[in-house]
Structures are given as structure tokens and as C-alpha cells.
1. Heavy-atom accessible area of LEU92 with all protein chains present, probe 1.4 Å, nearest 10 Å²?
2. Quick one: with all protein chains in place, what share of the accessible area of the stretch 1-160 is carbon or sulfur, to the nearest percent (1.4 Å probe)?
3. Percent of Cα-Cα pairs per 10 Å bin, from 0 to the last occupied bin, for the stretch 20-64, please list those.
4. Relative contact order of the stretch 8-199: what whole-number percent is it, with Cα pairs under 8 angstrom and at least 6 residues apart?
5. Over the chain, how many percent of alpha carbon pairs lie in each 5 Å bin up to the one with the longest distance?
6. Which order do LEU129, LEU45 take by accessible area at a 1.4 Å probe, largest first?
7. Can you give the accessible area per residue of the stretch 8-199, in Å², using a 1.4 Å probe?
8. Amide H to amide H, which residues 5 or more places from VAL168 or on other chains are under 5 Å from it, using H placed in the peptide plane?
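The values are calculated or read from the model by the stated rules, or taken from the named source; none is laboratory data. Note that the structure is a prediction, hence the values are computed from the model and not measured. We place every Cβ from the backbone using ideal geometry, glycine too, and count neighbours over all the protein chains shown. Accessible surface areas use protein heavy atoms only, side chains included; no ligands, DNA or RNA. Shrake-Rupley method; radii C 1.70, N 1.55, O 1.52, S 1.80 Å.
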Amino acid sequence: MFIEQPPWIYRVLFPGAIWRIPSKEKCVYLTFDDGPIPRITPWVLDLLDKYQIKATFFCVGDNVRKHPEIYRMILDRGHQTGNHTFNHIQGLRFWTTNYLANIKKAGEYIQSNLYRPPHGHMRFPQLLLLRKLYKIIMWDVVTRDYSPHKTPDGVFEIVKKYTRNGSVIVFHDSLKAETNMMNSLPRSIEWLQQQGYQFKLFE
Ligand SMILES: [Zn+2]
């Protein structure tokens, strides 16, 4: 089960993780998971340039290995990257040593102090170790752009309904999310800008 805005009960399971950065300013943190992917990630980068905003890309190490030139493009255009494991693995299915080794391997390709666990799952000991090494970035608004049960309209509605000051918003620069993401991201950005939200990077 996945919900668009994780409730506090879920959030307390991950002490120290960042879901939202409350602020008096109108600001959001736009994030993209699972790239870099040819055609899709460059499309996102062009769109972000068009609206003159910056975002954070949680990259899969193996994708960076395959597409280093796109990874470079993300950084060259002034965006931020984070570690999303080497093989997009779920912490609950791996022993802590193996999970951390996979993240360390991704770290050879992704120099960042940010980490986001694939599928939002980790074992508690994994979290305790990882939070010494990284800022753990979760999310406040899950657009569900990857879901075949969602339409671009539905994705846009989630952004409008759940975004608040300091929200961390997740889209995906992945093949699975392609249609929903490409058809909802431009109007989501426009709507956010009309509402006065600034787009920020993590410190
Ligand atoms: Zn992911």
C-alpha cells in the first residue's frame, strides 16, 4: 500500500529522516527518482531550465554507470544528486551488510551526502548506520506517477492537494513513469509557481 502523504505514524518509524522541511517561506523540494535514463532525464532537465528551477535527482548507481554523460549533465546544469542504491534494492530484503555495500558501490558513482531508500523501506539498524553517513531524504508528496492506475490528471491533482510549505515532492525520471510524468510535470511546476512556491535544494 502506498499513500500520497505519509502519516506521522509512518514518519516516526524513521527517526532523523527528512520528510518535509517546514518553513515560513513558500518553498518546495522537487525530487526525481531512479534515473538517469536516456531521453527521459534530458527531457526533465530541459523542462527545469525552461522554468529556471533546480531539483534533486536520486540516482540508481547502475544507471549512472551506464549513462555517465547524463549524470554529468544533471550536475552541470546546477542540480543536486543523491544516492538511491546501486541496484534499486529494498532494505527489508537484504542483510544490513549487503545493503550498505550496495549503497557504498553507488557512492563510487554518486558523490553526495543525500540518501533515499528505494520503496521507502529500510530496516532500523540500516537507518541507524546510514544516518551517520547521509541525510536521509524521504518525501511529503508522492505523485504516484509510476502507477499504471494513475493518469496525468490524477498525478496533477495529488500535487495540488498535498503540497504545503516545505514539501519534498517525488516524481520519477523512469520509463515506467514516462507518460504520467511528462504529462503532469509541466502543469505541476506552473501551478506551484503560480502559488508562489520557490524551488529549493537540500543544504
Ligand atoms: Zn526508486
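1. 90 Å²
2. Numbers: 4370 of 7660 Å².
Exposed carbon and sulfur together represent 57 percent of the surface.
3. Cα pair-distance distribution for the stretch 20-64, in percent: 24, 46, 24, 5.
4. Details: 365 pairs, mean separation 58.5, N = 192.
Rounded, it is 30 percent for the stretch 8-199.
5. Going out from 0 Å in 5 Å bins, the chain shows 1, 8, 17, 21, 22, 17, 10, 3, 0, 0 percent.
6. Numbers: LEU129 70, LEU45 0 Å².
Descending accessible area places them as LEU129, LEU45.
7. On the way: 8840 Å² over 192 residues.
Counting only protein heavy atoms, the per-residue value for the stretch 8-199 is 46 Å².
8. Close amide H contacts, sequence-distant or interchain: ILE21, TYR29, ASP140, VAL141.
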